[in-house]
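Q: Before we start, here is the structure in question, set down as structure tokens.
The values are calculated or read from the model by the stated rules, or taken from the named source; none is laboratory data. Model, not experiment: these values are computed from the prediction. Cβ sites come from the backbone with ideal geometry, for glycine too, and all protein chains shown count toward neighbours.
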Ligand code: MD6
Ligand code: FE
């Protein structure tokens, strides 16, 4: 299954280096169209803290965090409207990346947009709010480089560090689907296209 341009970084975790790089301008434009309708916002965690990263969503379902917990919603709680449609440039990329990594029938219904400024981070967590863990997750990195922490399904295991740069795509599923993971505090820098930020797109089949 593994092809020369697909690096298996752990069982079920595939790194497609630079897979999205040539599409960066179109992807960024799509993100701007979505966030003009459903703006990036610093949601609260169930513990009541504002998250250091800013998020939004597109597609039929959006992942939301608030005092009352984590869940998928068909409407943006900030606008009361449905989340913006998932631009074809985004969904096409996600299903091509999944297919390249061996997941032939991935059809995401949720795209989470995370924006990190220098100093933002994402604590170790599992993605477990989705209905079907046999579906993979496709994650696209744009802008400033980040150190991604990739653990196992046991929180106590020391995570491996993976440097993700502009255009990298990570596809994971199977034995890794419930692995703990996070993003280390983003270092300052300036990216030629995105400036002082990192944008991550996480595609999932939520329902
Ligand atoms: C990020 N990503 O890279 C955050 N989750 O900014 C995630 O939390 C994530 O990259 C599940 C699968 C892939 C991911
Ligand atoms: Fe995650």
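Q: For residue 161, which of the numbered conditions (1) within 12 Å of ligand 2 (Cβ to nearest atom); (2) closer than 23 Å to residue 20 by Cα; (3) without any contact (Cβ under 8 Å) to a residue 40 or more places away in the chain fails to hold?
A: Of the numbered conditions (1) within 12 Å of ligand 2 (Cβ to nearest atom); (2) closer than 23 Å to residue 20 by Cα; (3) without any contact (Cβ under 8 Å) to a residue 40 or more places away in the chain, the odd one out for residue 161 is (1).
Q: Related question: For region 10-28, give me each residue that is in contact with a helix residue (DSSP H, G or I) (Cβ under 8 Å, 6 or more places away or on another chain) and in a helix (DSSP H, G or I).
A: 23, 26, 27
Q: Tell me the residue from 138, 147 that is touching a residue at least 24 places away in the same chain (Cβ under 8 Å), in contact with a helix residue (DSSP H, G or I) (Cβ under 6 Å, 6 or more places away or on another chain), closer than 23 Å to residue 178 by Cα and within 16 Å of ligand 2 (Cβ to nearest atom), please.
A: 138
Q: Could I ask something else about it? Quick one: is residue 12 over 19 Å from residue 81 (Cα atoms), surrounded by 13 or more Cβ atoms within 10 Å (Cβ to Cβ) and either at pLDDT 95 or above or out of contact with any strand residue (DSSP E or B) (no Cβ under 8 Å at 6 or more places or on another chain) (or both)?
A: When the stated conditions are applied, residue 12 passes them.
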